[in-house]
Amino acid sequence: MERLQKVMARAGVASRRRCEEMITAGMVKVNGKVITELGTKVDPERDKIVVGDETLFLSDKKYYLALYKLRGYISTLHDEKGRKKVIDLLKGVDGRVYPVGRLDYDSEGLLLLTNDGDLTYAMTHPKRQIKKTYLARVQGVPAPARLAQMADGLILEDGPTAPARVRLVSEREGNALLEITINEGRNRQVRRMCEYIGHPVLRLQRTRMGNISLDALRPGQYRHLAEEELKRLKELAGVD
């Protein structure tokens, strides 16, 4: 018998903390009963575990995918509003996979998906500080002092941000394109950072996570990670 949140995380549903949040929010059923107690233990070989409307399966076959997420798709697998989900883009994948972290509904770009719970947990754990790079089209052109302020760290409502790498890529029609690299995973962090310095995001694309980049992926396409890049990604995440 194992704790329910541990089984969910091992299956790749999300980080253990996020799995705990899903349980307490009443999103998980075991044998038809809604479970909200974090101490609940289950037998993954015998018990039927349903997360949202999806039955949980533990698979020996591991999948590691890089997806170019489109704007207008949600990164979670369950949505009460009936919006389009990233898994709708994974035609031809015969196993259940889960997003590693999130990418905003209004954002696009690289999203990793896997059913390897250990990798998901490691990549989303704050201590690993996996770098993520974004291209942000912002309103107006920030002064160098504003960009330096962002790079040094800002005080947002949920606390100070870690130092970031910020570069002005280009200017067009009075707006700027910024390349921003962070190693945190807070909710809508890049958007909030840009808004803080007075230049709201008009369009946001994630181009890289760790050593994985969009490369030649077109919007809506996905690919399986190559063996060498997966090995490097696991090294960055501290996973054997």
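Considering only residues that are of a type in the set (Asp, Glu) and surrounded by fewer than 20 Cβ atoms within 10 Å (Cβ to Cβ), look in region 109-158 and name the one that is nearest to ALA226 (Cα to Cα). Quick ask: steps written out before the conclusion?
Residues of region 109-158 that are of a type in the set (Asp, Glu), as a first pass: 116, 118, 152, 157-158.
Next, only the ones that are surrounded by fewer than 20 Cβ atoms within 10 Å (Cβ to Cβ) stay: 118, 152, 157-158.
Details: ASP118: 18, ASP152: 35, GLU157: 39, ASP158: 37 Å.
Here the residue is ASP118.
Here HIS199 meets the list (1) at pLDDT 95 or above; (2) not in a loop (DSSP other than H, G, I, E, B) almost entirely, failing just condition (2).
In region 29-55, which residues are of a type in the set (Val, Ile, Thr), under 20 Å from GLY82 (Cα atoms) and either surrounded by 13 or more Cβ atoms within 10 Å (Cβ to Cβ) or in contact with a Gly (Cβ under 7 Å, 6 or more places away or on another chain) (or both)? Listed by number, the residues that qualify are VAL50, VAL51. Of all residues in region 140-167, those being over 29 Å from MET123 (Cβ atoms) and either not small (Gly, Ala, Ser) or not assigned by TED's automatic domain parsing to the domain that holds LEU202 (or both) number 4.
From the list ARG186, ARG223, exactly one residue is basic (Lys, Arg), surrounded by fewer than 18 Cβ atoms within 10 Å (Cβ to Cβ), assigned by TED's automatic domain parsing to the domain that holds ASP88 and closer than 24 Å to GLY72 by Cβ. Which is it? Steps first, answer last, please.
Numbers: ARG186 fails: assigned by TED's automatic domain parsing to the domain that holds ASP88.
Being basic (Lys, Arg), surrounded by fewer than 18 Cβ atoms within 10 Å (Cβ to Cβ), assigned by TED's automatic domain parsing to the domain that holds ASP88 and closer than 24 Å to GLY72 by Cβ holds for just one of ARG186, ARG223, which is ARG223.
When the residues of region 1-34 are filtered to those that are in contact with a strand residue (DSSP E or B) (Cβ under 6 Å, 6 or more places away or on another chain) and part of a loop (DSSP other than H, G, I, E, B), which remaining residue is modelled with the highest pLDDT? Looking at residues that are in contact with a strand residue (DSSP E or B) (Cβ under 6 Å, 6 or more places away or on another chain) and part of a loop (DSSP other than H, G, I, E, B), I get GLY26.
Based on this model, can you work out whether ALA145 counts as farther than 28 Å from ARG232 by Cα and either without any contact (Cβ under 8 Å) to a residue 12 or more places away in the chain or touching a strand residue (DSSP E or B) at 6+ places or on another chain (Cβ under 6 Å) (or both)? Even if it seems obvious, please write down each step before you answer.
On the way: farther than 28 Å from ARG232 by Cα: yes; either without any contact (Cβ under 8 Å) to a residue 12 or more places away in the chain or touching a strand residue (DSSP E or B) at 6+ places or on another chain (Cβ under 6 Å) (or both): yes.
Yes.
For region 218-240, enumerate the residues that are in a loop (DSSP other than H, G, I, E, B), out of contact with any helix residue (DSSP H, G or I) (no Cβ under 7 Å at 6 or more places or on another chain) and either more than 18 Å from GLY109 (Cα to Cα) or modelled with pLDDT under 95 (or both). Matches in region 218-240: ALA226, ASP240.
Mind telling me which of the residues ALA145, ALA176 ends up being of a type in the set (Gly, Ala, Ser) and in contact with a His (Cβ under 8 Å, 6 or more places away or on another chain)? Working first, answer last.
On the way: ALA145 fails: in contact with a His (Cβ under 8 Å, 6 or more places away or on another chain).
So the residue among ALA145, ALA176 that is of a type in the set (Gly, Ala, Ser) and in contact with a His (Cβ under 8 Å, 6 or more places away or on another chain) is ALA176.
Looking at region 202-217, which of the residues that are of a type in the set (A, V, I, L, M, F, W, C) and in a loop (DSSP other than H, G, I, E, B) is farthest from LEU65 (Cα to Cα)? Can you show your working first?
Initially, region 202-217 is screened for residues of a type in the set (A, V, I, L, M, F, W, C), giving 202, 204, 209, 212, 214, 216-217.
From what is left, the residues that are in a loop (DSSP other than H, G, I, E, B) are 214, 216-217.
On the way: LEU214: 11, ALA216: 14, LEU217: 12 Å.
Here the answer is ALA216.
Looking at the structure I just gave you, is ALA151 out of contact with any Leu (no Cβ under 6 Å at 6 or more places or on another chain) and in a helix (DSSP H, G or I)? First the steps, then the outcome.
Working: out of contact with any Leu (no Cβ under 6 Å at 6 or more places or on another chain): yes; in a helix (DSSP H, G or I): yes.
Taking the combined requirement at face value, the residue satisfies it.
Within region 7-28, if we keep just the residues that are crowded, with 16+ Cβ neighbours inside 10 Å and of a type in the set (D, E, K, R), the residue that is farthest from LEU112 (Cα to Cα) turns out to be GLU20.
So is ARG71 outside the structural domain of ARG192 (by TED's automatic domain parsing), touching a residue at least 24 places away in the same chain (Cβ under 8 Å) and surrounded by fewer than 18 Cβ atoms within 10 Å (Cβ to Cβ) or not? Before you say what the answer is, go through the steps one by one.
Values: outside the structural domain of ARG192 (by TED's automatic domain parsing): yes; touching a residue at least 24 places away in the same chain (Cβ under 8 Å): yes; surrounded by fewer than 18 Cβ atoms within 10 Å (Cβ to Cβ): yes.
Spelling it out, ARG71 is indeed outside the structural domain of ARG192 (by TED's automatic domain parsing), touching a residue at least 24 places away in the same chain (Cβ under 8 Å) and surrounded by fewer than 18 Cβ atoms within 10 Å (Cβ to Cβ).
The values are calculated or read from the model by the stated rules, or taken from the named source; none is laboratory data. Quick caveat: nothing in here was measured; it's all calculated off a predicted structure. Heads up, the Cβs are rebuilt from the backbone with ideal geometry, glycines too, and the neighbour counts pull from every protein chain shown.
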